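Single-structure report; data block below.
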Amino acid sequence: MRRIYFDNNATSPLLPEVFEAMRPYLQESFGNVSSIHRQGQQARAAVELAREQVADLVGARPAEIVFTSGGTEGDNLAVFGLVRPGDHVITSAVEHHAVMNACRQIEREGVSVTWLPVDGRGLVNPDDVRKALRPETRLISVMMANNETGVLEPVSEIGAVAAEAGVYFHTDAVQAAGKLPVDVHEIGCHLLSLAAHKMHGPQGVGALYVRRGVQLRPLFYGGRHERSRRAGTENLAGIVGLGKAAEMAQQGLATGGAATMVALRNRLEQKILASVSHSRVNSGSAPRTPNTTNINFGSIEGEAFVISMDLKGVECSTGAACSSGAIEPSHVLLAMGLKPEEARGSIRFSLGKQNTAEEVDAVAALVPEVAEKLRELGSVATNNKRLAIS
């Protein structure tokens, strides 16, 4: 069975060019970056090249790039590295769990957190950010692109609010970097996190942009790696892969890759909406990343939809998170005003560089059959329940 992968927001496949760039550092060039002998010098040179490649992707200086284990560590370093008990933090109700749960933890440690609402499209209002400011506000953390809906938050406007108030601003750009042009100066952020595996690089490596002059308390204590901002021997091959993925992403953006992706996403949406009654795109009118669509099919069970599509060779996902053994409706979709049953019936399709128009058409042809079958099963189950009650 030919399989089609439409879950690139979860992780994207490693590009062959990225693997080839990594290969020497998995075998013969295996030195420790901190060693002064030839192997160590080769490793150091490779890491510094990758630092330049990542810096170029986001418009930063190489010295402002800190390599991490991924987006979660970058988000955590931004929050825990800056905030202390008694401070105030502003964030949104639709953040990734890496920011959301970090903020819940600092609340338990004596930090006041304001959770900003979003509108029906999933957008934070910059005026709400301004109104939430306090004298003790230390940090604003609002994501650049939502992982479930692809919605692009008005981060440049929020950055301007932060600058006016003299408050640090962090943005989680994990789902934006490599898919759209990202410029830390245009955004006005002090910190920005990204991950390699969201842009066809390896899993387990990422980076945090830290504006020059920003002092962070490290999460790890040990050697003076990454200019004393992140202790621990560097993930040499992973960092090389991140650098190559960043370079290739930048090349793709320069040659119209984003527009190509938008065309594929729109093609998928149009075909599904035309063939499945009562379906709609969540946040369809909001600015979004080029590759992401989140479609509400109404009263179906999203998990059943994903399993059914998987059996037909298509990999997609729901916005639901598994919590304490129970499937909870997406906190993102609930914050946008969807009912729990609507949130459970929403499916995310996220495309990657490897996907084609033929794959889009094949997926769009399968969706109506799966959706209608699940609706019928849901209707039968509801009627049986009513009969049992009566």
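The values are calculated or read from the model by the stated rules, or taken from the named source; none is laboratory data. Please read all numbers here as calculations on a predicted model, not as lab measurements. Backbone-built Cβ (ideal geometry, glycine too); neighbour counts: all protein chains shown.
For region 100-151, the tally of residues that are over 23 Å from Val214 (Cα atoms), in contact (Cβ under 8 Å) with a residue 40 or more places away in the chain and within 18 Å of the chain's Cα centre (by Cα) stands at 11.
On the stretch given as region 120-141, residues that are farther than 14 Å from Leu82 by Cα, surrounded by 15 or more Cβ atoms within 10 Å (Cβ to Cβ) and not hydrophobic (A, V, I, L, M, F, W, C) total 6. Residues in region 218-248 that are over 24 Å from the mean Cα position of the chain (by Cα) and either among the aromatic types (Phe, Trp, Tyr) or not in a helix (DSSP H, G or I) (or both): 7 in all.
Mind checking which residues of region 90-131 are closer than 19 Å to Gly337 by Cα and among the charged types (D, E, K, R)? Hits for region 90-131 are Glu95, Asp119, Arg121, Asp128.
Can you tell me how many residues in region 18-39 are part of a helix (DSSP H, G or I) and surrounded by 13 or more Cβ atoms within 10 Å (Cβ to Cβ)? Spell out how you get there, then give the answer.
Step one: list which residues in region 18-39 are part of a helix (DSSP H, G or I), which gives 18-26, 38-39.
Filter again for surrounded by 13 or more Cβ atoms within 10 Å (Cβ to Cβ), leaving 18-19, 21-26, 39.
The total comes to 9.
Residues considered: Val182, Val167, Val161. Of these, the only one that is touching a strand residue (DSSP E or B) at 6+ places or on another chain (Cβ under 7 Å) and either assigned by TED's automatic domain parsing to the domain that holds Met100 or not aromatic (Phe, Trp, Tyr) (or both) is Val167.
Take region 93-114 and flag every residue that is farther than 20 Å from Ala173 by Cβ and part of a helix (DSSP H, G or I). Write out each step before concluding.
We begin by selecting, within region 93-114, every residue farther than 20 Å from Ala173 by Cβ; these are 104-114.
If the condition is that a residue be farther than 20 Å from Ala173 by Cβ and part of a helix (DSSP H, G or I), then Arg104, Gln105, Ile106, Glu107, Arg108 are the ones that fit.
Filtering region 326-361 down to residues that are free of Cβ contacts under 8 Å to residues at least 12 places away in the same chain and within 20 Å of the chain's Cα centre (by Cα), which residue is nearest to Glu315 (Cα to Cα)? Here the answer is Glu328. Taking (1) buried (at least 24 other Cβ atoms within 10 Å of the Cβ); (2) not in a loop (DSSP other than H, G, I, E, B) in turn, Glu164 satisfies each apart from (1).
Of these, Arg23, Arg44, which one is basic (Lys, Arg), in the same structural domain as Thr149 (by TED's automatic domain parsing) and at pLDDT below 95? Write out each step before concluding.
Details: Arg23 fails: at pLDDT below 95.
Of the residues listed, the single one that is basic (Lys, Arg), in the same structural domain as Thr149 (by TED's automatic domain parsing) and at pLDDT below 95 is Arg44.
When each of Gln215, Gln251 is tested for being without any contact (Cβ under 8 Å) to a residue 12 or more places away in the chain, part of a helix (DSSP H, G or I) and out of contact with any strand residue (DSSP E or B) (no Cβ under 6 Å at 6 or more places or on another chain), the lone residue that passes is Gln251.
Conditions tested, residue by residue: (1) part of a strand (DSSP E or B); (2) out of contact with any helix residue (DSSP H, G or I) (no Cβ under 6 Å at 6 or more places or on another chain); (3) modelled with pLDDT of 95 or more.
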residue	(1), (2), (3)
Pro290	no, no, yes
Leu338	no, yes, yes
Arg348	yes, yes, yes
Val367	no, no, yes
Val370	no, no, yes
Glu376	no, yes, no
Ala381	no, yes, no
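Would you say Gly59 is on the phi > 0 side of the Ramachandran plot and in contact with a helix residue (DSSP H, G or I) (Cβ under 6 Å, 6 or more places away or on another chain)? In short, yes.
Pro117 meets each of the listed conditions (1) surrounded by 16 or more Cβ atoms within 10 Å (Cβ to Cβ); (2) under 21 Å from Gln175 (Cα atoms) apart from (1).
Restricting attention to region 46-84, which residues are assigned to a loop (DSSP other than H, G, I, E, B), out of contact with any Asp or Glu (no Cβ under 6 Å at 6 or more places or on another chain) and not charged (D, E, K, R)?
Pass one, region 46-84, residues assigned to a loop (DSSP other than H, G, I, E, B): 59-61, 69-70, 83-84.
So of that shortlist, the ones also out of contact with any Asp or Glu (no Cβ under 6 Å at 6 or more places or on another chain) come out as 60-61, 69-70, 83-84.
Selection gives Ala60, Ser69, Gly70, Val83.
Taking the options Ala259, Ala249, Ala274, name whichever one is surrounded by 13 or more Cβ atoms within 10 Å (Cβ to Cβ) and either more than 17 Å from Arg44 (Cβ to Cβ) or at pLDDT 95 or above (or both). Ala249 is the lone residue from the list that is surrounded by 13 or more Cβ atoms within 10 Å (Cβ to Cβ) and either more than 17 Å from Arg44 (Cβ to Cβ) or at pLDDT 95 or above (or both). When the residues of region 177-201 are filtered to those that are within 12 Å of Gln250 (Cβ to Cβ) and buried (at least 24 other Cβ atoms within 10 Å of the Cβ), the one that is farthest from the chain's Cα centre (by Cα) is Val182.
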